[in-house]
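Trainee: Before anything else, here's the structure in question.
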Amino acid sequence: MKSITVKEIAEVVGGKILCGDENTVITNIQYDSRSVTEGSLFVPIRGARVDAHRFIEDCLTAGASATLTENNAPSEAVKPYIKVDDTLKALQTLAAWYRRQFTLKLVGVTGSVGKTSTKEMIAAALSQGFDVMKTQGNKNSQIGMPMTMFDIEEHNNAAVIEMGMSEFGEMDRLCDIARPNIAVMTNIGKAHIENLKTQQNIMSEKLKITKHFDENGVLFLNGDDVLLKTLHNNQKFRTVTFGLGTDCDYYADNIKTEGFNTIFTAHRNGKSTVFEILALGVHSVKNALVAIAIGETLGLDDATIQKGLLTYKNAPMRQQIHKMQNYVLIDDSYNASPEATKVSLDVMKSIAKGKTIAVLADMLELGDEAQREHYGVGKYLAQLGTDCLITVGELSRNTANGAAENGNTSVKSFDNNSDAYDYLCTVLEKDCTVLIKGSRGMHTDEIVKKLLEKDKTTE
């Protein structure tokens, strides 16, 4: 982060310095009290359960150089306290100001599913031609994305960031902060439909990622998505589609799996090129296509893009493949939606050499659609020919019903991860492939950790 002073921060956020030296230099911003270091500005956020203002004094004692606050400073305070009306809004205002200190190509990635893997693929493709800053993990929220802005350094000439939203108005705020000049919309699914009610609403909200586009802005759209393709060629800025359909501006065919790698041919503008990626699944090919498209838009040649693509690795808990002693484990435990779960089932089936076992937990935030969508995943799983299904949670009993009523005879349901793990261990066999997936709130990574520990102890 480029250093700034307490005085500058107060001026930017419209705050009042209650005490301390206004010339104190800030070199990093932290909202997690456990992460403060010397040079930190601590930003205490009032959460639904915890008000981080209670940690201010501990943070300053631990080395933080200054703090924002919505309260008054204690009489004995020595380090700077900057009083503001709302610490979250102040954080967002400061992030927006900080972003405007830099001129760089900033790619914003949004969509119902696949934001993180798409972001990682784009960053990989650009990495050999640009000095790229990218979102770490999936910090794409009203707090996480503003924090990402402070990772921009003067040497960066490109950035790839995730922009997530689950309610009306959130994308507006994120776009005001990040101001992307290139944007990607991966798909319009049913994640967060509980809040946004319809897929049309979801698309309209996500389209606000283009709010600050000028005539040079470019929006990349998944041309295989029924809703997104309706946005093509009717915007005030350039739109580019990518997908498997031959009507897409960038499309792929001749897709082949070699081990855990994928080779495909990318077609665009009358040109065809063979690319290779270290990832599986049609969704990974689509991610690579948009990465290629953005790379070419920014002036990179095929060789440079290919070199970058080969640096791509799946993020932890996102279709991360573990080659166990006797079987293959696909850890996709970070989160789940109907669309993403079906994609993961496809990947499992594509690499399986023996028995396939899916461990699926509840998919949350589906509102009134929950029972039907869970049942649909079970039906899809049965039609795909998955050998064994283990479900975790009450909603996923609908997944079990969907599988059982469509021909899958090996189905077991459990209320918790521990019982599911115990049963899973009884059905593991040599050369099987196991998929673990569920919404973040279901903590299915607990099952993965136990399997990895078990594998180590049996070496």
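Trainee: Compute the semi-axes of the equivalent ellipsoid of the stretch 109-148, taking the square root of 5 times each eigenvalue of the Cα gyration tensor, and list them largest first in whole Å.
Mentor: 19, 13, 6
Trainee: Within the set Lys115/Lys412; Lys236/Lys313; Lys115/Lys454; Lys89/Lys236; Lys115/Lys437, which residue pairs have Cα atoms separated by over 27 Å?
Mentor: Lys115/Lys412; Lys236/Lys313; Lys115/Lys454; Lys89/Lys236
Trainee: Express the C-alpha Rg of the stretch 306-450 as a ratio against the empirical globular expectation 2.2 N^0.38 Å, rounded to two decimals.
Mentor: Normalised Rg, Cα atoms only: 0.98.
Trainee: Would you kindly work out the equivalent ellipsoid of the stretch 39-96 from its C-alpha gyration tensor and give its semi-axes, the square roots of five times the eigenvalues, largest first in whole Å?
Mentor: In descending order, the three semi-axes are 17, 13, 11 Å.
Trainee: What does DSSP give for the chain in terms of the percent of beta bridges that are antiparallel, rounded to the nearest 5?
Mentor: Here the share of antiparallel DSSP bridges comes out near 30 percent.
Trainee: Further question: How large, in percent, is the carbon and sulfur part of the accessible surface of the stretch 364-415 at a probe radius of 1.4 Å?
Mentor: In the stretch 364-415, the share of accessible area belonging to carbon and sulfur is 40 percent.
Trainee: Based on the Cα atoms of the stretch 136-177, what semi-axes does the equivalent ellipsoid have, where each is the square root of 5 times one gyration tensor eigenvalue, given in whole Å with the largest first?
Mentor: Values for the stretch 136-177, descending: 20, 10, 8 Å.
Trainee: Now for a different question. Between beta-carbons, use under 14 Å as the cut-off and find the net charge around Ala266, counting Lys and Arg +1, Asp and Glu -1.
Mentor: -2
Trainee: Moving on. With the contact rule set at Cα under 8 Å and sequence spacing of 6 or more, what percent relative contact order holds for the stretch 353-419?
Mentor: It rounds to 35 percent for the stretch 353-419.
Trainee: Which of the GluC sites (Glu not before Pro) across the stretch 7-105 are loop residues per DSSP, with 12 or fewer other Cβ within 10 Å?
Mentor: Those satisfying the criteria are Glu38, Glu76.
Trainee: Only loop residues by DSSP count here, and only those with at most 15 other Cβ atoms within 10 Å; note down the trypsin sites (Lys or Arg not before Pro) in the stretch 302-364 that meet that.
Mentor: For trypsin sites (Lys or Arg not before Pro) across the stretch 302-364 that sit outside H, G, I, E and B with at most 15 neighbouring Cβ atoms in 10 Å, the list reads Lys313, Lys353.
Trainee: I would also like to ask the following. Using a 1.4 Å probe, what is the accessible area per residue for the stretch 205-328, in Å²?
Mentor: 45 Å²
Trainee: So how much accessible area does Val25 have, in Å² to the nearest 10, using a 1.4 Å probe?
Mentor: Val25 has an accessible surface of roughly 70 Å² with all protein chains in place.
Trainee: Now a separate question. Step by step: find N for the stretch 161-241, compute 2.2 N^0.38 Å, then divide the Cα radius of gyration by it. What's the final number?
Mentor: So the stretch 161-241 has a normalised radius of gyration of 1.02.
Trainee: Taking the structure as given and computing Rg and Dmax of the Cα atoms in Å, which label from (i) 21.1, 68; (ii) 23.6, 71; (iii) 28.4, 89 fits?
Mentor: The calculated read-out lines up with (ii).
Trainee: Hey, another quick one. When the Cα centres of the stretch 315-329 and the stretch 41-63 are compared, how far apart do they sit, in Å?
Mentor: 38 Å
Trainee: Quick one: with all protein chains in place, what share of the accessible area of the stretch 94-212 is carbon or sulfur, to the nearest percent (1.4 Å probe)?
Mentor: 43 percent
Trainee: Could I ask something else about it? If you average 1/r across every pair of different Cα atoms in the stretch 4-145 and take the reciprocal, what Kirkwood value do you get, in Å?
Mentor: About 16.5 Å for the stretch 4-145.
Trainee: Please give the calculated 222 nm ellipticity per residue for the chain, where each DSSP H segment of at least 4 residues contributes -39500 (n - 2.57) and the sum is spread over every residue; nearest 500 deg cm²/dmol?
Mentor: Mean residue ellipticity at 222 nm (helix-derived): -10000 deg cm²/dmol.
Trainee: Gly14: net charge of surrounding residues, Cβ under 14 Å, Lys/Arg +1, Asp/Glu -1, itself excluded?
Mentor: -1
Trainee: When only Cα pairs under 8 Å and 6 or more residues apart are kept, what is the percent relative contact order across the stretch 24-115?
Mentor: 21 percent
Trainee: List the trypsin sites (Lys or Arg not before Pro) in the stretch 359-459 that DSSP assigns to loop (not H, G, I, E or B) and whose Cβ has at most 10 other Cβ atoms within 10 Å. Which are they?
Mentor: Passing sites in the stretch 359-459 are Lys430.
Trainee: Report relative contact order for the stretch 122-256 in percent, whole number only (criteria: Cα-Cα under 8 Å, sequence separation at least 6).
Mentor: Once divided by the residue count of the stretch 122-256, the mean separation gives 17 percent.
Trainee: Further question: Run the dipole for the chain about the Cα centre, Lys and Arg Cβ at +1, Asp and Glu Cβ at -1, nothing else charged, and hand back the magnitude in debye, nearest 20.
Mentor: Dipole about the Cα centre, nearest 20: 560 debye.
The values are calculated or read from the model by the stated rules, or taken from the named source; none is laboratory data. It should be emphasised that the depicted structure is a prediction, and the values quoted were computed from it without experimental measurement. Don't worry about glycine lacking a Cβ; one is built from the backbone with ideal geometry, like all the others, and counts go over all protein chains shown. To get the accessible areas, we keep the full protein, side chains included, count just its heavy atoms, and leave off ligands, DNA and RNA. Shrake-Rupley method; radii C 1.70, N 1.55, O 1.52, S 1.80 Å.
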